[in-house]
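A short worksheet on the structure shown next.
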Amino acid sequence: EAQVTQNPRYLITVTGKKLTVTCSQNMNHEYMSWYRQDPGLGLRQIYYSMNVEVTDKGDVPEGYKVSRKEKRNFPLILESPSPNQTSLYFCASNLGGAYNEQFFGPGTRLTVL
Amino acid sequence: GENVEQHPSTLSVQEGDSAVIKCTYSDSASNYFPWYKQELGKRPQLIIDIRSNVGEKKDQRIAVTLNKTAKHFSLHITETQPEDSAVYFCAASKGQNFVFGPGTRLSVLP
């Protein structure tokens, strides 16, 4: 089944404790993105990747890191999480070119205390 | 950078009526405009999209119109059904940089 998976789905952590949210897609998509969703603000793009080892900042990259060492994986790293990073996070992938439909993962709800 | 506004923030319609959601964008270089539907507790899913070289696109009860000059695009849902109740997001993009609107919560009342 073609899908985007994220882990963990739920995470409660404390300020300053490094964490990684994994994202994987099995559709051989070139492009992957991370978004955060907050009430009243919609989805805001954090980072995106056009290919292995090629990433770029979205609109809200501060406090986040990403890496794309393999085509299928695009982890999101919070090296020193803060309470304002409490949010619902979505990973997405798309084929690119004429096919820009983004396929979203199930979401990761992160709480930083 | 790009800024996308979306109105209304909430919309209630009677079953069978039409619903219209409007979005404006600021960057004339944006060339792809998707609409996503997000049901409660679920992930966003694409319902329709339009590119900047097209003025209108229709898929059964759903249509999208784009006015590049005015930099606005709209989602039209006809013959609404209770299962259309959800949050709808518009977005504008150039390349892989996607900017979403804040969302419209649509409620279809039986």
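The values are calculated or read from the model by the stated rules, or taken from the named source; none is laboratory data. Model, not experiment: these values are computed from the prediction. Neighbour counts are summed over all protein chains in view; Cβ atoms, including those assigned to glycine, are modelled from backbone coordinates with ideal geometry. The area values use the complete protein model at the heavy-atom level, side chains included, leaving out ligands, DNA and RNA. Shrake-Rupley method; radii C 1.70, N 1.55, O 1.52, S 1.80 Å.
Looking across A:K71, A:K57, one residue alone is away from every other protein chain (no Cβ under 12 Å) and not aliphatic (A, V, I, L, M). It is A:K71. What is the residue count in the stretch B:13-43 for residues that are away from every other protein chain (no Cβ under 12 Å), closer than 13 Å to B:L106 by Cα and among the hydroxyl-bearing types (S, T, Y)? Adding up the residues that qualify gives 1.
Residues in the stretch B:73-85 that are on the phi < 0 side of the Ramachandran plot and either without any contact (Cβ under 8 Å) to a residue 12 or more places away in the chain or over 12 Å from the mean Cα position of the chain (by Cα) (or both): B:T78, B:T80, B:Q81, B:P82, B:E83, B:D84, B:S85. If the condition is being of a type in the set (K, R) and touching a Pro at 6+ places or on another chain (Cβ under 7 Å), then the stretch B:38-69 contributes only B:R43. The single condition among (1) open to solvent by 70 Å² or more (accessible area, probe 1.4 Å); (2) among the basic types (K, R); (3) within 14 Å of the chain's Cα centre (by Cα) that B:R43 does not meet is (3). Can you pull out every residue in the stretch B:65-110 that is within 14 Å of chain A (Cβ to nearest Cβ), crowded, with 17+ Cβ neighbours inside 10 Å and farther than 19 Å from A:L41 by Cα? Residue satisfying the conditions is B:Q96 alone. Restricting the stretch A:85-104 to residues that are of a type in the set (A, V, I, L, M) and under 17 Å from B:P34 (Cα atoms), the residue that is farthest from the other protein chains (Cβ to nearest Cβ) is A:L95. Name the residues in the stretch A:48-63 that are touching a residue at least 12 places away in the same chain (Cβ under 8 Å) and surrounded by 13 or more Cβ atoms within 10 Å (Cβ to Cβ), would you? Once the filter is applied, which keeps residues that are touching a residue at least 12 places away in the same chain (Cβ under 8 Å) and surrounded by 13 or more Cβ atoms within 10 Å (Cβ to Cβ), the stretch A:48-63 yields A:Y48, A:S49, A:M50, A:V52, A:T55, A:G58, A:D59, A:V60, A:P61, A:G63. With respect to the conditions (1) buried (at least 20 other Cβ atoms within 10 Å of the Cβ); (2) modelled with pLDDT of 95 or more, A:I12 falls short on a single one, namely (1).
When the residues of the stretch A:64-107 are narrowed to those that are surrounded by fewer than 15 Cβ atoms within 10 Å (Cβ to Cβ), more than 20 Å from B:A91 (Cβ to Cβ) and in contact (Cβ under 8 Å) with a residue 60 or more places away in the chain, which ends up nearest to the chain's Cα centre (by Cα)? The residue in question is A:E79.
Open to solvent by 60 Å² or more (accessible area, probe 1.4 Å), modelled with pLDDT of 95 or more and more than 29 Å from A:V4 (Cα to Cα), is that true of B:K58?
On the way: open to solvent by 60 Å² or more (accessible area, probe 1.4 Å): yes; modelled with pLDDT of 95 or more: yes; more than 29 Å from A:V4 (Cα to Cα): no.
No, not satisfied.
Every test in (1) loosely packed, with under 15 Cβ neighbours inside 10 Å; (2) of a type outside the set (A, V, I, L, M); (3) assigned to a strand (DSSP E or B) is passed by A:Y35 save one, and that test is (1).
Residue count for the stretch B:27-39, restricted to those that are open to solvent by 60 Å² or more (accessible area, probe 1.4 Å) and at pLDDT 95 or above: 1.
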